[in-house]
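Notes for the one structure printed next.
The values are calculated or read from the model by the stated rules, or taken from the named source; none is laboratory data. Because the structure is a prediction, the values reported are computed rather than measured. FYI the Cβ positions are ideal-geometry reconstructions off the backbone, even for glycines, and counts take in every protein chain you see.
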Amino acid sequence: MNPITGFLAFAFAAAGAAAGYWANPYLAFVFFGAAAVIALSLKMANAWEKFVILRMGKLQSVRGAGLFAIIPVLDSVIAVIDGRIQTTAFNAEQALTKDTVPVNVDAIIFWHVHDAEKAALAITNYRQAIDRVAQTSLREMIGSSMLAALLSDRKEADEQLKVEIGEKTAPWGISVSSVEIRDVAIPVALQDAMSRQAQAEREKQARVILGSAEAAIAGKFVEAANSYAGNPVALQLRAMNIIYETTKERGATILMPTSMVDSLNPSATTLALAFASKEVLKPEPARLPAAA
């Protein structure tokens with residue numbers, strides 16, 4: 001009984017008691033009868049509720065928010081339907097995927113009643129029916145999906161479940177807003193195998209990247225060798241620069257073979273030619289005539 005109906009029924013009952021005590025007792029029965037009629041006939045629905053009313057076994061009306069009255073004895077409220085969005089959690093345990101892997105899947109469905117008449121008259125218990133349909137659809141989806149797709153494409157699986165469950169619940173006046181898979185649990189042994197597979201894939205990718213880098217570096221070395229092949233002086237300067245960069249750190253000691261040292265110095269032939277050219281270009285001293 002809603003507060004307004006309760007207050008009016010109490011007021012009439014109190015008036016009847018007062019009339020019976022202070023006035024005519026027959027008048028009290030009138031007030032008591034009015035209080036009983038108010039309590040049985042005056043109803044109030046909240047903004048989210050729908051009252052399904054039958055009159056002598058036939059659908060009379062579906063009443064929404066606000067106060068309304070029914071005829072006692074003839075009318076009866078058979079269902080009060082909540083029109084707000086509601087959630088139902090469901091799961092599937094040890095369900096086999098298409099590649100015969102047992103998994104445990106937990107999901108949740110968001111739904112609401114859009115047709116109170118169908119929800120009250122077309123099915124006995126629509127809440128229980130939604131739970132059963134959701135579990136059946138989840139197992140069907142798991143059985144038709146590969147494990148890899150189930151783990152990676154959850155949005156697609158959610159959309160598939162939403163469509164399948166929505167088609168089955170639409171005749172009951174129920175709309176499915178969304179379905180979300182919360183968890184997919186696989187056996188521990190399979191988790192270890194998948195972890196090793198993922199690690200092997202990462203190592204393979206790292207080796208491929210390293211090989212590509214080595215090939216690129218080798219190509220650059222070939223280009224540098226071709227450049228130094230036609231200019232030995234540039235190669236010597238590059239070698240001297242490398243030694244300088246290496247010896248910048250304090251306390252560094254470098255051991256180099258004599259052949260490498262010789263390669264950094266001008267050759268003996270070059271030095272000889274240089275000294276020879278200096279001797280040729282040096283002017284001879286003037287000679288004085290001998291005394292007679």
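Some points to look at:
- Those strands (runs of 3 or more DSSP E) of segment 62-174 in which at least 3 residues are of a type outside the set (S, T, N, Q) and within 32 Å of the chain's Cα centre (by Cα), considering only elements entirely within it, cover 86-96, 102-113.
- Consider segment 73-83 and keep the residues that are touching an Asp or Glu at 6+ places or on another chain (Cβ under 9 Å) and of a type outside the set (A, V, I, L, M). The one that is surrounded by the most Cβ atoms within 10 Å (Cβ to Cβ) is 83.
- Flag for residue 75 being assigned by TED's automatic domain parsing to the domain that holds residue 182 and either out of contact with any helix residue (DSSP H, G or I) (no Cβ under 6 Å at 6 or more places or on another chain) or among the acidic types (Asp, Glu) (or both): no
- Matching entry among 224, 189 (being without any contact (Cβ under 8 Å) to a residue 12 or more places away in the chain and in contact with a Lys or Arg (Cβ under 9 Å, 6 or more places away or on another chain)): 224
- Criterion violated by residue 57 - all others in (1) assigned by TED's automatic domain parsing to the domain that holds residue 174; (2) out of contact with any Leu (no Cβ under 9 Å at 6 or more places or on another chain) satisfied: (1)
- Taken together, the residues in segment 111-143 that are polar (S, T, N, Q) and either crowded, with 18+ Cβ neighbours inside 10 Å or within 26 Å of residue 155 (Cα to Cα) (or both) amount to 4.
- Residues being at pLDDT 85 or above and assigned to a helix (DSSP H, G or I) are entirely absent from segment 183-203.
- When 108, 70 are checked against the criterion of being surrounded by 13 or more Cβ atoms within 10 Å (Cβ to Cβ) and out of contact with any Asp or Glu (no Cβ under 7 Å at 6 or more places or on another chain), 70 stands alone in meeting it.
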